[in-house]
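Novice: Sharing a structure below in C-alpha cells format, with a few things to ask.
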Amino acid sequence: MSTDTPLLPRRPVLGALAVVCAEIDGADSVILVKRKNPPNAGTWGFPGGHVELGETAAEAAARELQEETGVVAEPGAQLMTLDVIPRNADGSVGAQYFLVATLCHHVSGQPVPDDDALEARWVSVAEMEHLGLELLDRVAELARVAQTRWRDSPRMPPSAPIT
C-alpha cells in the first residue's frame, strides 16, 4: 500500500515551546517567530518543535529556540502545557500535540529567522494583540503568564535590559 503523504501517528506528539522574556526598549517582550512550514504556516507563535528521543522538553525548547532564531537561552521553569488537537473538516481528529512551554533565560544573541521561521523578533507583551500579527491560539495568554513568572525569577532581574 503506497500513499503520497506520510501517515500521522495515532497518538499525541510531544512538542516544546521556548518562551524568552526580556526588557526591550523599556517594554517586557517575548521572542515570537512567524512559521514557514505547516502546521500553522504564516502564523506567529513561540519558537518550538518536536522533542527528540533522549532529550527533555526543556532541552528541546532551548535547542529549537537556537535553531529557529540563533538565540541562546537557558531553560528554566515549565509555564504550562497545551493540548492542540486540529480537526478535519468532518470533525475527526487530524493530529494531536502535547506542548510543554518552558520559560527560557536569555544568554546571548538577537532573534534572526532560521530553520523553519520566516521572521523572528522581540514583541512587546502589552502590544502583541494590537500589532496585526496572526497569533496562534493562546500565545498572548502564555506571554502574560511568562511575563509574570519572569518578573518573579531570581535569574534575571527585571531591570537588567539586554545589551
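Novice: Do we find a residue being touching an Asp or Glu at 6+ places or on another chain (Cβ under 6 Å), in contact (Cβ under 8 Å) with a residue 24 or more places away in the chain and closer than 15 Å to Val19 by Cα anywhere in the range 95-105?
Specialist: Yes, some residue in the range 95-105 is touching an Asp or Glu at 6+ places or on another chain (Cβ under 6 Å), in contact (Cβ under 8 Å) with a residue 24 or more places away in the chain and closer than 15 Å to Val19 by Cα.
Novice: When both residues are 6+ apart or on different chains and their Cβ atoms are under 8 Å apart, which pairs have a first residue that lies in the range 135-148 and is of a type in the set (D, E, K, R), and a second that is surrounded by fewer than 18 Cβ atoms within 10 Å (Cβ to Cβ)?
Specialist: If the second residue must be surrounded by fewer than 18 Cβ atoms within 10 Å (Cβ to Cβ), the pairs left are Asp137/Val84; Arg138/Leu82.
Novice: Being modelled with pLDDT under 95 and assigned to a strand (DSSP E or B) is the filter here, so list the residues in the range 1-20 that pass it. Don't jump to the end; show me each part of the working.
Specialist: Within the range 1-20, the first condition is being modelled with pLDDT under 95, and the residues that meet it are 1-13.
Val13 - this is the single residue of the range 1-20 that is modelled with pLDDT under 95 and assigned to a strand (DSSP E or B).
Novice: A further question follows. Can you find even one residue in the range 61-69 that is among the small types (Gly, Ala, Ser) and over 13 Å from the mean Cα position of the chain (by Cα)? Write out each step before concluding.
Specialist: Filtering the range 61-69 down to residues among the small types (Gly, Ala, Ser) leaves 61-62.
Next cut, over 13 Å from the mean Cα position of the chain (by Cα) only: none.
No: zero hits.
Novice: Testing Ala160 on (1) small (Gly, Ala, Ser); (2) modelled with pLDDT under 90; (3) buried (at least 17 other Cβ atoms within 10 Å of the Cβ), one condition comes back false. Which one is that?
Specialist: Of everything listed in (1) small (Gly, Ala, Ser); (2) modelled with pLDDT under 90; (3) buried (at least 17 other Cβ atoms within 10 Å of the Cβ), Ala160 misses just condition (3).
Novice: Are any of the residues in the range 76-97 hydrophobic (A, V, I, L, M, F, W, C), over 17 Å from Leu135 (Cβ atoms) and under 13 Å from the mean Cα position of the chain (by Cα)?
Specialist: Step one: filter the range 76-97 for residues hydrophobic (A, V, I, L, M, F, W, C), giving 77, 79-80, 82, 84-85, 89, 93, 95.
With over 17 Å from Leu135 (Cβ atoms) added as a condition, the list becomes 77, 85, 89, 93, 95.
Next, only the ones that are under 13 Å from the mean Cα position of the chain (by Cα) stay: none.
Looking through the range 76-97, none of the residues is hydrophobic (A, V, I, L, M, F, W, C), over 17 Å from Leu135 (Cβ atoms) and under 13 Å from the mean Cα position of the chain (by Cα).
The values are calculated or read from the model by the stated rules, or taken from the named source; none is laboratory data. Fair warning: this is a prediction, and the values are worked out from it, not measured in the lab. FYI the Cβ positions are ideal-geometry reconstructions off the backbone, even for glycines, and counts take in every protein chain you see.
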